1. On the Cα set of the chain, report Rg and Dmax in Å, please.
2. Using a 1.4 angstrom probe, figure out how much accessible area the chain has per residue, in square angstrom, rounded to the nearest whole.
3. What do you reckon, how do LEU71, LEU58 stack up by accessible area (1.4 Å probe), largest on top?
4. With n ≥ 4 as the cut-off for DSSP H runs, can you work out [θ] at 222 nm for the chain, using -39500 (n - 2.57) per run divided by the number of residues, rounded to the nearest 500?
5. If I compute solvent accessible area with a 1.4 Å probe over the protein chains, what percent of it on the chain is carbon and sulfur?
6. Pull up all non-local amide H partners of ILE19: gap of 5 or more, or a different chain, and H-to-H distance under 5 Å with H placed in the peptide plane.
7. Leaving out ligands, DNA and RNA but keeping every protein chain, what accessible area does GLU76 have, in Å² rounded to the nearest 10, with a 1.4 Å probe?
8. Determine ³J(HN,Hα), in whole Hz, for all residues of the range 68-74 in sequence, where each value follows from phi through the Karplus function 6.51 cos²θ - 1.76 cosθ + 1.60 and θ = phi - 60°; x replaces Gly and Pro.
Amino acid sequence: MIAGVDAASASFRLIDQAISAKIVNGDGTRVQKGDVVLKLDGPARGILTAERVALNFLGHLSGVATATAALVSAVEGT
């Protein structure tokens, strides 16, 4: 379950306005290994500078969203 896409996208723009981030799979989307979440275009230096912050947002928030989705699924129908 993906969450934090807007925060990740904003991380790139805050580092360099020349970076464009196109959201492919937004918040609330169930994804599989290998699925694309963001497509980036812009200077490599800015992308590499922001990528760790963006990945931290995506990793933490997606982990919370995935755990929450599992709990919601477990109590569904009760």
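The values are calculated or read from the model by the stated rules, or taken from the named source; none is laboratory data. As the structure is a prediction and not an experimental result, all values here were calculated from the model. Calculation scope for accessible area: heavy atoms of the full protein, side chains included, ligands and nucleic acids excluded. Shrake-Rupley method; radii C 1.70, N 1.55, O 1.52, S 1.80 Å.
1. Taking only Cα atoms of the chain, I get Rg and Dmax of 14.2, 51 Å.
2. Details: 5230 Å² over 78 residues.
Solvent-accessible surface per residue comes out at 67 Å².
3. Values: LEU71 120, LEU58 30 Å².
Greatest to least solvent exposure: LEU71, LEU58.
4. Values: 2 runs with 42 residues, N = 78.
Result for the chain, helices only: -18500 deg cm²/dmol.
5. Result for the chain: 58 percent of the exposed heavy-atom area is carbon or sulfur.
6. Residues meeting the amide H criterion: none.
7. 140
8. After applying 6.51 cos²θ - 1.76 cosθ + 1.60, I find 5, 4, 5, 5, 4, 5, 5 Hz.
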